[in-house]
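Working notes for the structure below.
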Amino acid sequence: MNFNYSLLFFIIDILSYVSCERLHKQIYSSIEGGAACFRRLNGTHQVGCSSSDKGAVGVVALIRDVSDAQWLTQNATAGPYMAVVGTSLFYDVMDLLLDQPQNVAGVLVFDNATLGTSSFTQDSKCPNEYSSGPGSQCSSISKDNKVWNEKGTDLLRKNIPFPIFFLPESRYEEITKIEGCYERYNLDRSNQKNMPLCSIQLHSFMFAAVNSAVCLRRSATTVLLTPTKVCDPLGDNNVYYSLFPRGKGLESKTKPVILVTARIDSASLFDGVSPGAASSVVGMVTLITAATSLAQMIPLKDANLYDRNVLWTLFNGETFDYIGSQRVAYDISRGAWPPSAPLSPSDIPLHIELGQIGGSLMLNKDNESWPFYAYTPDDISKVTQILEELNSNLGVHKMTLSPVFTDNLPPSSLHSFRRILKNVTESGSLTEVLLTDFNEKFTNMFYNSALDDYHNIGFLYHNISIGSDGKFIPTDELILNGTMKKTEIQVKIAQFATAVARTLYKEVVGNPYAGSVTASAHLVDEMLYCFLRSQACRLLLAADYGSSGSGGRDERLPEQPAPLYVGVAAWSGTAPVFAGHLLALLTGDHLAVNRTKCDALTDPNYSYYWLKGWNHTGVCIQTTMNFSQAVSPAFITPDYDFTSGTYSTWTESVWLSMWARVFVSAGGGGARAAAAGGAAATLLAAALTAWLRRHAAAVFSAPSTQVLHDASSAAGILRTVNC
């Protein structure tokens with residue numbers, strides 16, 4: 001009996017020293033830093049990507065030219081294959097892979113700056129084509145009409161039959177790892193069958209399917225009284241700020257309002273990668289900068305002197321059938337926006353949209369010029385005055401403005417107003433102007449893509465410090481002291497914002513601006529850095545919520561740009577919060593009160609925010625800035641017909657995890673050997689079990705009837721092994 005117990009303890013002690021590292025960690029190598037294509041749905045279709053619930057596995061095939069993709073789809077014998085392709089070839093090979101997907105397990109796309117690419121956009125040739133207003137002529141299926149996004153691949157609107165992952169340039173070492181594995185095992189294409197091969201597994205399983213109506217119905221059902229959500233409506237918040245307060249009972253509430261808008265959001269095929277430099281950021285930064293300048297030109301105390309107000313608005317979700325602007329136009333039509341002091345359509349005589357600007361910055365990087373175009377569907381007589389004023393203000397900085405009188409407007413938020421507020425737009429009582437830096441087709445070859453980053457607009461950060469008073473160095477001074485050049489984009493954007501602010505000044509006051517206020521390229525430099533490079537920047541730190549002692553947060557902001565994808569309505573995004581806080585910080589009144597008193601302020605004409613401020617000790621901001629819902633009317637309309645096409649119906653699938661890994665798959669001989677070994681082990685185990693049954697009495701002694709009273713002896717027997 002003692003011998004048996006000693007043998008048992010010896011075996012347990014040996015096992016306790018065995019490493020507990022799981023075997024798969026020795027087999028698989030994770031591919032870090034990737035972003036997956038995911039599934040979205042609308043009223044009639046599902047689009048995007050999904051793997052199976054176990055992931056997609058394929059043999060690595062490096063695509064170095066189009067002939068490699070042709071070999072993969074037509075001649076490869078060891079498939080399915082995982083195509084590893086650079087962004088420079090993605091445009092050329094995707095149609096081939098989609099046309100013949102039988103041998104394609106998935107695609108891993110990587111960005112390599114040394115190879116470069118002249119275009120990379122997954123939106124359609126006519127973005128938001130089916131939500132366009134009257135007069136739009138763009139058609140992505142007709143070859144006779146001109147298109148706006150000439151290089152568009154429409155992948156954002158296609159149902160892709162395999163998963164796709166994206167690796168940014170910063171993770172190129174992962175591609176080097178895959179190339180080494182490929183060259184060791186897969187290089188001989190003629191001898192791949194039944195051989196050990198370098199392979200990749202991509203996991204991006206999506207729960208939603210079919211269309212938005214189906215997935216929302218499934219999300220509303222329960223299993224054992226537990227809701228099973230499979231998708232969420234897209235949406236977030238819009239941001240608005242008025243030059244003068246428009247609270248209930250104020251005289252300024254009844255003043256006509258000039259609506260000046262831009263968009264916040266961008267998108268791409270891949271989760272978390274939507275930089276939107278030229279697609280949205282330049283327009284958003286221009287709006288915030290111009291609003292800041294106009295607030296300095298016209299003090300709040302002079303509000304009662306003028307008969308017009310300016311309402312600056314940032315729409316969110318515009319990439320997906322104009323979610324934000326549809327909601328605002330819909331709410332205006334029923335007298336519900338802004339919530340505190342609603343407008344009627346007749347209150348808005350003029351709508352100016354800062355559309356997609358920034359695509360031509362690199363085309364004019366060596367000179368001071370920056371050509372703009374003003375699209376308007378209205379009569380020349382209605383817009384001549386404001387266009388001439390804007391052109392005059394731009395001309396001071398060697399910039400030009402060319403009017404384009406047409407109903408065929410480029411993709412823009414104006415389409416929402418032209419559809420939903422059709423009576424006032426067609427009657428001409430609401431004048432509309434769209435400002436862009438392109439004519440006839442986009443100059444931004446990376447529209448709504450992962451590569452529309454700061455490189456696309458030629459942004460170089462100057463890292464100029466900001467004082468505790470929040471003052472920014474004037475543009476002229478920066479040029480004079482050599483800190484910046486007139487050809488730099490910060491200077492051009494500041495000058496454009498100054499021209500917009502001065503044009504609006506004349507619309508409000510009635511006379512040209514004669515003061516010295518100009519937009520600061522220093523402020524533009526900081527904002528571009530915050531939205532395109534890192535949230536851990538001076539400007540956003542000052543605009544962040546106050547310290548945690550008062551309900552805010554103290555953690556450091558991430559050193560990466562804020563995602564500009566609209567996301568789902570159930571979660572508030574970072575970008576609209578920071579955009580709104582910047583408007584409040586830069587245009588609002590800084591009150592000398594503590595947090596407790598700030599929270600107690602209740603003037604209905606203003607909102608109050610406790611932000612960190614320039615010295616990070618906390619400051620109370622009194623502002624007219626506020627947020628409103630950017631959720632499609634389709635999701636608040638009872639019994640809405642999701643196939644009608646009236647409003648945006650986009651939803652996003654739920655998923656649990658996304659990951660990728662590389663490994664060497666067993667060849668045919670190895671697999672057969674493993675099967676034979678498994679069978680032999682099973683037979684041996686069966687034989688050993690039979691032998692133990694027959695000789696159990698000799699091997700296992702009968703248990704002792706002696707009762708252990710010694711606790712230490714019992715503890716020694718009841719030993720556990722933690723692995």
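Percent of C-alpha pairs per 5 Å bin in the stretch 65-192, short distances first: 2, 9, 16, 19, 18, 14, 9, 5, 4, 2, 1, 0. Under the combined filter of DSSP loop state and at most 14 neighbouring Cβ atoms within 10 Å, the stretch 84-172 retains these GluC sites (Glu not before Pro): GLU150. Shape of the stretch 559-646 from its Cα gyration tensor (a ≥ b ≥ c, root eigenvalues): rounded if a/c is under 1.5, otherwise prolate when a/b > b/c, or oblate? Prolate. Accessible area per residue for the chain, computed on protein heavy atoms with a 1.4 Å probe, is 45 Å².
For the chain, the mean projected area of the C-alpha convex hull, equal to one quarter of the hull surface, is 42.6 nm².
Measuring with a 1.4 angstrom probe and ignoring ligands and nucleic acids, MET658 comes out at about 50 Å² accessible. Percent antiparallel among DSSP beta bridges with both residues in the chain, to the nearest 5? Here the antiparallel bridges make up roughly 55 percent for the chain.
Just the protein heavy atoms count here, and of the accessible area of the chain at 1.4 Å, carbon and sulfur take up 53 percent. Protein-only accessible surface at a 1.4 angstrom probe places the residues HIS45, HIS351 in the order HIS45, HIS351, largest first. Candidate cross-link partners of LYS255 among the aspartates and glutamates, defined by an alpha-carbon separation under 16 Å and a same-chain spacing of 8 or more, comprise ASP302, ASP307, ASP347, GLU507. The Cα center of the stretch 157-232 and the Cα center of the stretch 300-372 differ in position by 39 Å. Per-residue surface analysis assigns ASP111 an accessible area of about 30 Å², computed on protein heavy atoms at 1.4 Å probe radius. Of the trypsin sites (Lys or Arg not before Pro) found in the stretch 70-175, the ones in coil according to DSSP and having at most 16 other Cβ atoms within 10 Å of their Cβ are LYS143, LYS146.
Dipole magnitude for the stretch 469-522: computed about the Cα centre from +1 point charges on Lys and Arg Cβ and -1 point charges on Asp and Glu Cβ, it is near 140 debye. Which of THR682, ILE348, PRO163 sits farthest toward the positive end of the charge dipole of the chain, with +1 on the Cβ of Lys and Arg and -1 on the Cβ of Asp and Glu? The residue sitting farthest along the positive end of the dipole is THR682.
Modelled this way, with points 7 Å down the Cα-to-C-beta line, the labels at LYS422 and SER468 are 6.0 nm from one another.
Within the straight-line cut-off of under 17 Å between alpha carbons, the lysines reachable from LYS471 are LYS612, sequence neighbours fewer than 8 places apart in one chain being disregarded.
Given an 8 Å cut-off on Cα distances and at least 6 residues of separation, report the relative contact order of the stretch 263-390 as a percent.
About 28 percent, as a whole number.
For the stretch 427-559, the alpha carbon convex hull comes to 213 Å³ per residue, rounded to a whole number.
Modelled this way, with points 7 Å down the Cα-to-C-beta line, the labels at GLU477 and ASP92 are 5.2 nm from one another. The residue among PHE635, SER648, LEU115 whose Cα reaches farthest toward the positive pole of the charge dipole of the chain, with charges on the beta-carbon of Lys, Arg, Asp and Glu, is PHE635. Based on the alpha-carbon gyration tensor of the stretch 79-136 and its eigenvalue square roots a ≥ b ≥ c, which shape applies: rounded if a/c is under 1.5, prolate if not and a/b is larger than b/c, or oblate? Note, shape of the stretch 79-136 comes out oblate.
With contacts taken as Cα pairs under 8 Å and at least 6 residues apart, the chain reaches a relative contact order of 20 percent. With the contact rule set at Cα under 8 Å and sequence spacing of 6 or more, what percent relative contact order holds for the stretch 154-242? Relative contact order for the stretch 154-242 comes out at 17 percent. Here's the picture: charge each Lys and Arg Cβ at +1 and each Asp and Glu Cβ at -1 in the chain, and of PHE496, SER242, ALA600 the one pushed furthest to the positive end of that dipole is ALA600.
Which shape class applies to the stretch 101-257: rounded if a/c is under 1.5, otherwise prolate when a/b exceeds b/c and oblate if not, where a ≥ b ≥ c are the square roots of the Cα gyration tensor eigenvalues? Judged from the Cα gyration tensor, the stretch 101-257 comes out prolate (a/c at least 1.5, a/b above b/c).
Considering helices alone, the calculated mean residue ellipticity of the chain at 222 nm is -9500 deg cm²/dmol, with DSSP H runs of length four and up weighted by -39500 (n - 2.57) and normalised per residue.
Counting only residues at least eight positions apart within a chain, or on another chain, the lysines with an alpha carbon under 19 Å from that of LYS365 are LYS398, LYS485, LYS486, LYS492.
Under a model in which nothing but the beta-carbon of Lys, Arg (+1) and Asp, Glu (-1) is charged, the stretch 82-206 shows a dipole of about 220 debye around its Cα centre. Among the protein heavy atoms, those of ARG502 account for about 60 Å² of accessible surface (1.4 Å probe, every chain in place). Charges were assigned to the Cβ only: +1 to each Lys and Arg, -1 to each Asp and Glu. The resulting dipole of the stretch 272-400 about its Cα centre is roughly 240 debye.
The values are calculated or read from the model by the stated rules, or taken from the named source; none is laboratory data. Just so it is clear, the model here is predicted, and its values are computed rather than measured. Note: ideal-geometry Cβ built from the backbone for every residue, glycine included; neighbour counts use all protein chains shown. All accessible areas refer to the heavy atoms of the entire protein, side chains included, with ligands and DNA or RNA removed. Shrake-Rupley method; radii C 1.70, N 1.55, O 1.52, S 1.80 Å.
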